1. Would you call residue 84 assigned to a helix (DSSP H, G or I) and touching a strand residue (DSSP E or B) at 6+ places or on another chain (Cβ under 8 Å)?
2. Quick one: count up the residues across the stretch 64-81 that are touching a strand residue (DSSP E or B) at 6+ places or on another chain (Cβ under 6 Å) and either surrounded by 13 or more Cβ atoms within 10 Å (Cβ to Cβ) or in contact (Cβ under 8 Å) with a residue 12 or more places away in the chain (or both).
3. Give the residues of the stretch 50-63 that are farther than 16 Å from residue 24 by Cβ, over 10 Å from the mean Cα position of the chain (by Cα) and either in contact (Cβ under 8 Å) with a residue 12 or more places away in the chain or surrounded by 20 or more Cβ atoms within 10 Å (Cβ to Cβ) (or both), sorted by residue number.
4. In this structure, is residue 16 surrounded by fewer than 16 Cβ atoms within 10 Å (Cβ to Cβ), at negative phi and assigned to a strand (DSSP E or B)?
5. So, in the stretch 75-104, of the ones that are within 16 Å of residue 39 (Cβ to Cβ) and at pLDDT 95 or above, which residue ends up nearest to the chain's Cα centre (by Cα)?
6. Just to check your reading of the model, which residue among 43, 47 is over 13 Å from the mean Cα position of the chain (by Cα) and modelled with pLDDT under 95?
7. Can residue 89 be described as surrounded by 14 or more Cβ atoms within 10 Å (Cβ to Cβ), in contact with a helix residue (DSSP H, G or I) (Cβ under 8 Å, 6 or more places away or on another chain) and not in a helix (DSSP H, G or I)?
8. Would you mind stating whether residue 24 is in contact with a strand residue (DSSP E or B) (Cβ under 7 Å, 6 or more places away or on another chain), surrounded by 13 or more Cβ atoms within 10 Å (Cβ to Cβ) and more than 22 Å from residue 7 (Cβ to Cβ)?
């Protein structure tokens, strides 16, 4: 199991460490027990949160409405909930992380 995942009340909870204002967008591996995600948008007026939710929804192939922040709205460290079984999320993230070098 990937350490950033756990079964949630309606799907999967993902611990995320967000890097807003990044020059590149994407998954950058793990940051401790969290998935490190780089986002172009700055952390101003919720722009980075919205960009993060859109990125995760697209990466996991789910509608945006099926991804939400459950903790950490104003922090770099967040917990997201995705309406997909943990096994599905684990498989998709494992595939995505295989293309990531050790750039944490």
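1. No, not satisfied.
2. Taking the stretch 64-81 first, the residues touching a strand residue (DSSP E or B) at 6+ places or on another chain (Cβ under 6 Å) are 67-72, 76-81.
With either surrounded by 13 or more Cβ atoms within 10 Å (Cβ to Cβ) or in contact (Cβ under 8 Å) with a residue 12 or more places away in the chain (or both) added as a condition, the list becomes 67-70, 72, 76-81.
Of the residues in that region, 11 qualify.
3. The answer is 61, 62.
4. Numbers: surrounded by fewer than 16 Cβ atoms within 10 Å (Cβ to Cβ): no; at negative phi: yes; assigned to a strand (DSSP E or B): yes.
Taking the combined requirement at face value, the residue does not satisfy it.
5. 80
6. Exactly one of 43, 47 is over 13 Å from the mean Cα position of the chain (by Cα) and modelled with pLDDT under 95, namely 43.
7. On the way: surrounded by 14 or more Cβ atoms within 10 Å (Cβ to Cβ): yes; in contact with a helix residue (DSSP H, G or I) (Cβ under 8 Å, 6 or more places away or on another chain): yes; not in a helix (DSSP H, G or I): no.
For residue 89, the condition - surrounded by 14 or more Cβ atoms within 10 Å (Cβ to Cβ), in contact with a helix residue (DSSP H, G or I) (Cβ under 8 Å, 6 or more places away or on another chain) and not in a helix (DSSP H, G or I) - is not met.
8. For residue 24, the condition - in contact with a strand residue (DSSP E or B) (Cβ under 7 Å, 6 or more places away or on another chain), surrounded by 13 or more Cβ atoms within 10 Å (Cβ to Cβ) and more than 22 Å from residue 7 (Cβ to Cβ) - is not met.
The values are calculated or read from the model by the stated rules, or taken from the named source; none is laboratory data. Here the structure is a predicted model, which means the values were calculated and not measured. Glycine also receives a Cβ, built like all others from the backbone with ideal geometry; neighbour counts cover every protein chain displayed.
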